[in-house]
Structures are given as C-alpha cells and as structure tokens.
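The values are calculated or read from the model by the stated rules, or taken from the named source; none is laboratory data. Bear in mind that the values here come from a model prediction, so they are computed numbers and not experimental data. Reconstructed Cβ throughout: ideal geometry from the backbone, glycine too, with neighbour counts over all protein chains shown. The accessibility values were calculated without ligands, DNA or RNA, using every heavy atom of the protein model including side chains. Shrake-Rupley method; radii C 1.70, N 1.55, O 1.52, S 1.80 Å.
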Amino acid sequence: MTTRRSNLQARFALCLILPILALLIGMGVVGFFWVRDRLLDQWQESAILKLERAAHRMDMHLAAVKQAIRWFHDTSGSQLDESVHAWALDQLRRQEGVVDIRLTWSTPPEPPAAATEPHSPRPSMGHGMRASGKAGGIRRFQSAQIREITAPRFDAGGAHGTISMISELLDETAAVIGRLEVVADFDAIFRHVVESGWWQSNKAYLVDANGRILVCTDTARHEALGETGDALEKATLAAMEAQGWGTVWGEGHPPSEISGFYRLAEAPWFLVMIAPGREILAPIVDFRWAYSLTVIGLILLVAALIRAVTGRVVSEIKTVSEAALQLSQGEFGGPLPVHSRDEVGDLTQSFNRMTRQLRERLHLKAAMNLAMEVQQNLLPAAPPVVPGLDIAGRSVYCQETGGDYFDYIFRTGTHDSRHLCIAVGDVVGHGISAALLMTTVRALLRSRLDRPGPLAAAVEDVNRLLCRDTGASGSFVTLFLLQAEPAAGRLAWVRAGHDPALLFKPATGEIAALEAPGMALGVDASAAYQEGGHSLSNAGDVVLIGTDGVWDTRNAHSERFGKARVGEILRRHADETAAAILEAVLRSLEEFRGSMPQEDDITLVVVKPEKIPLP
C-alpha cells in the first residue's frame, strides 16, 4: 500500500506541477520576447534619434557653408562686377568653420576688350594664385556646382582635421575654366558629435557611402566596414545601400551587437554606432534570471502544498482501497467513516452505498438462483413415455427465470381412457413476475385438466380464474394446448392467443398451421374458446409447438429467423427423432443469431407419431 500512496502523490504532483510549469514557462518565454522586442524598439528609436540629432548639427554647419558657396555661384553668367564677387567671397569667408578659400583658373586671363571710354584697370589674379579673401582677378564663368566634399584630412598629430568643398567653374560651352575650393574646419563641424554621449560609450564611425571609415572611436581601427569579415558590419553596409537610416541586429539571442546608422543630408556620409546587445538588453537578462528563480520557488511551494493536501486524501483513499480488497474476498465490514464533504467524502459514501447494494444484490442473486431452481423443477425433466408418440421439449430462458412454459399433463377421457395434453405458454414479459404468473397458469391448468370435460371448457375455466389475478396488472398469457390420442389417431387443440402449431406431412411435403380462434388468457373473463381437431393417419408426421422467441430471433442485421426457416428444418430432418429435430432447430437459431444476445425466451415441443393403429 505504501507504493500505491507514493505513486498517487507523484501523479498528483505531476498533474498539478506540469501544467503550472508549462504555463509559467510559456508566460516567461512570451514575456521575455515581448520585453526584448520593446527594449530593442526603444533602443532603435533612441539610437536613430541620437544619430539624427548629430547628423542635423553637422548638416546645419555644412548647409551654411554650401549656401554661401551657392551665393558665389549665383554671380555666374552676369556682367562681371568685381564688387558682387568680392561680397560673395566675403560672405563665404565669414561662415563658421571656413579656414581657407582657394580660387584658381585653368586658362590665362582674357585680353581687355576695346573701350570707347576710359575705365579703371581691374586687378587680375594670376593662374594658380590663391584668392586670399580678396576679389581680385575674378573672371566671368557661366555656371558652377559643388562637385565634391572631400574626406577629412588630419595633420601629422591627428589632432586637427579639415574638409574641402570643391566647385568647378564652367564657361558657356560647359568647359572647366576654374576651381573653387573651400576649406572648412572638420573639428568645428564634428564637435557636437564628439561631445555626445553615444559617441563616447559605443563603437562609433563616420563612413562614406562605400563604407570607408573616415572617423571612428574603435581603437582597432580598420579602413572600411566589413573588411575584417564582421557579419554585423557587412549587414550594416548592405542596409546603408538600401535605405538612409535604420538598425541591424547581430547574431545570437540576445544579439551580441546591434548597429544603427543615419545618412547626412549635406554630405555623402553616414553616422554609424554599434552597441553591445547585452548592455541594451541587460534589464531583460536580469528579468530572466529573476523569473527563473521565482518559477523554481513557486514549483517548490506547489510541491509542498500538494504533499500536505494529498497526504489526507491518500490516507482516506487507502482506507477505501483496503475495504475494497476485503470486499473482494467476501468480507463485508461496517460502513466507512466519512471525514470530509469533498470528492473523497463522496467516494467513501459511494463505497458504503455500493457495499450495501452489493450485499442486497447477493441476497437477490441467491433468491433468483432459488427461483430458477424452482422454475426448472416445475418444467418436465424428460418427456413422458406414450406408446405411438415420440416427444421432445425444452425451454431456453434469456434470464435466470422466464415466462415461457411447457408441460405434459395426463387427463382421463371417456371410457376411462388416458390422453396426453401438451401445453406451451408464453407469459408477457420476463423475469420474476413472468415466472410467478407462469407458475399460476401451470397450477390452474393442471388442476382443471384433472377434471373431465371438453378441452375448450377447461381453457375457459382457467381463463376465468386467471382474470381475477391479472385484472389490475394487465398481464396475460398465450397458450397452445394440444391433446394427443394416438390410439384413436386424433389430435385436438385449443389456441388462446398463441402462434399456431406447425404440422409437417412428409408424404405431401405440406406444412399446415393448426389454427383455432381464441383470446389470450387473463384478458377477458368471458372469452370463449373453440377446439380444433386433426386426424393422425400417417406415421412420420411432425408437430412443432413453439413460442415467438423462435421466429422472432434476430441476427446482427436485424433479420428475423421466421417460420419459413423452421419449415425448411422440418423438411430436412423429418425422418429423424423428435429430439434430433428439436436440437436441429435450436442449433440453427444459435448459428443465425451469431454474437447477438438472446432477447426472448425460447420454448419448443416436437411431437412425432410413430405407429398409429387404425381406428
């Protein structure tokens, strides 16, 4: 019993812990990924916002310088006015971060045009000379545009850097005639990026559109993104080619590194930052460990509660189990005490009720066995020996007791002759009530046939007496009463609502039904009955009396056995004994029914004249 208790407790624990564990793990996994995605989304938004702010600061400086350059470009194509060019160059020189302006011409100066009026000579700027901030030597050009913004160039110590914005000056034929180079202080433009916190705390880069690194914070500096084979840098470079800003996750769960990038509007550069994934997801990693420890604690708590709760349950179940074992050995003890009003208490009450009902059922079973024994003793143990008749009969009940009935009764006829009466009856219903009514009919019939008188009158007396008992219950009995007089070569019968007996004549192969009008017994006390008769002129005729359990037998396809099959059996076995014919019918019924249960009582009596003397 100890093993059973341990197994039951283990099953309780598994049935409760496993669903809880699955639920907690599922919630933990879903919560982990949900929080992770939220943290990564927040980092992405924060990173893009930081990069956008830094890029905007750089774009503002570059845009101011580029706007001043455009002012100079706007002087193209007009009458040469030295003051306009000088003003444009002066505005350009005044921009924050501009450290130098180089204006060079690729062609020699044009000869002065003929003039009708004297004019002041203009100062000229030689080929390859620097403007030095003065508007001298400026020539006419048709159009210009910023062609290139160079990468930062740093001095020997790497402490100071500059960038150049280069414009080409074109004539009317789009030929290059000059070059404007504006040198700007890169440190002034990039200062706000360097001062931002993300530039100091992460790996940060300024790269061009091809991924070449211009400035970075990585101590192990290399020339371009992805050249070391780093998968995240390659993925970032590919994303930069497809869009202007975004984030890229590295490998792993959580990712080892995450990158963000943003393209400048005023220069073909990208700001790139790469941050370690564990730092970004540190809260969720800490949450994962805390959640795991909490789950373990909850499981241990649930296990302790299960052990405490199931201890009492297992003890009470053990008591019921031991009582059930004793009951299986035939030992009926007293009722078990009920200590609770839960399911275990219901189980104990059900066991007590089952024990009480089982005790009653055993008593009922014993009574049923006794009733079956009594009823079987009421049926003929063997057919009587009657000269000139071969007789066989049997009843097969579908329950311990039944309502079918057959009997052999001798009565005294005229001139003190003795005749054999064969009664076959069928009481409505099954079981004890039908058996009791059958014994009543048997007693009444035997008592009445012991007195002289016509066969029909005897049945009428039995019906009248039986109606006194069945009037309130509605029960009734069908009866076929056959009287055989072999010495006289005659059969007489009375049919009280029963199926007619079958008469097979081998000489002609004919099967006839022994008909006669009559109502079932126990229905109407004033019912009248008529006697039928038949001459037994030939030996070998077969009379079969049966109940409806024979022809109403059904197989698995709900097909009835029917009287036609009984007739075929009579034809095949007519030359055999009455017992052999009876066994042939019962054997065919069993084969026809197959695995289907017997639904009704079956009673058969076969009467076969052997040698009938001539009258």
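Annotations
- The relative contact order of the range 412-523 comes to 28 percent, based on Cα pairs under 8 Å that sit 6 or more residues apart.
- Our estimate of slack between Leu358 and Ala63, defined as 0.36 nm per intervening residue step minus the Cα-Cα distance, is 96.0 nm.
- Distance between the range 440-456 and the range 494-529 - C-alpha centres, whole angstrom: 18
- Sorting 327-334, 595-602, 432-439 by their mean Cβ neighbour count within 10 Å, with the most densely packed peptide first, gives 432-439, 595-602, 327-334.
- FRET efficiency, 1/(1 + (r/R0)^6) with R0 45 Å, evaluated for Gln349 and Ala564 via beta carbons: 0.20
- Here the label points at Arg418 and Ala174, each 7 Å from Cα along the C-beta direction, are separated by 14.7 nm in the simple model.
- Phe406 long-range amide H proximity, modeled H, under 5 Å: Gly425
- Rough spin-label spacing in nm, given labels placed 7 Å along Cα→Cβ, for Arg53 and Val30: 3.7
- Among the protein heavy atoms of the range 499-600, carbon and sulfur supply 47% of the accessible surface, probe 1.4 Å, non-protein parts ignored.
- Phi-derived couplings, Karplus 6.51 cos²θ - 1.76 cosθ + 1.60 at θ = phi - 60°, listed residue by residue for the range 17-22: 6, 4, x, 5, 4, 4 Hz, with x used for Gly and Pro.
- Extended-chain gain in nm, criterion 0.36 nm per residue less alpha-carbon gap, Asp187 and Ala238: 15.5 nm
- Nearby aspartates and glutamates by direct alpha-carbon distance to Lys234 (threshold 16 angstrom, same-chain neighbours under 8 apart not counted): Asp208, Glu223, Glu251, Glu257
- Packing-based ranking of 20-31, 65-76, 187-198, 544-555 yields 544-555, 65-76, 187-198, 20-31, ordered from highest to lowest mean Cβ neighbour count within 10 Å.
- Listed candidates (i) 1.61; (ii) 1.02; (iii) 1.14 - label of the one calculated as Rg/Rh (Cα atoms, Kirkwood Rh): (i)
- Using the Cβ-Cβ distance between Ala584 and Ala487 with R0 set to 22 Å, the FRET efficiency from 1/(1 + (r/R0)^6) comes to roughly 0.15.
- Between Gln530 and Arg495, the built amide H atoms are under 5 Å apart, and every one of these is 5 or more places off in sequence or on another chain.
- Relative contact order of the chain: 10 percent, from C-alpha pairs under 8 Å at least 6 residues apart in sequence.
- When you count the other C-beta atoms within 10 angstrom of each residue and take the mean per peptide, 503-515, 224-236 line up highest first as 224-236, 503-515.
- Probe 1.4 Å - accessible area at Lys318, Å² to nearest ten: 70
- Of Lys318/Lys365; Lys505/Lys563; Lys66/Lys203, those spanning more than 20 Å from alpha-carbon to alpha-carbon: Lys318/Lys365; Lys66/Lys203
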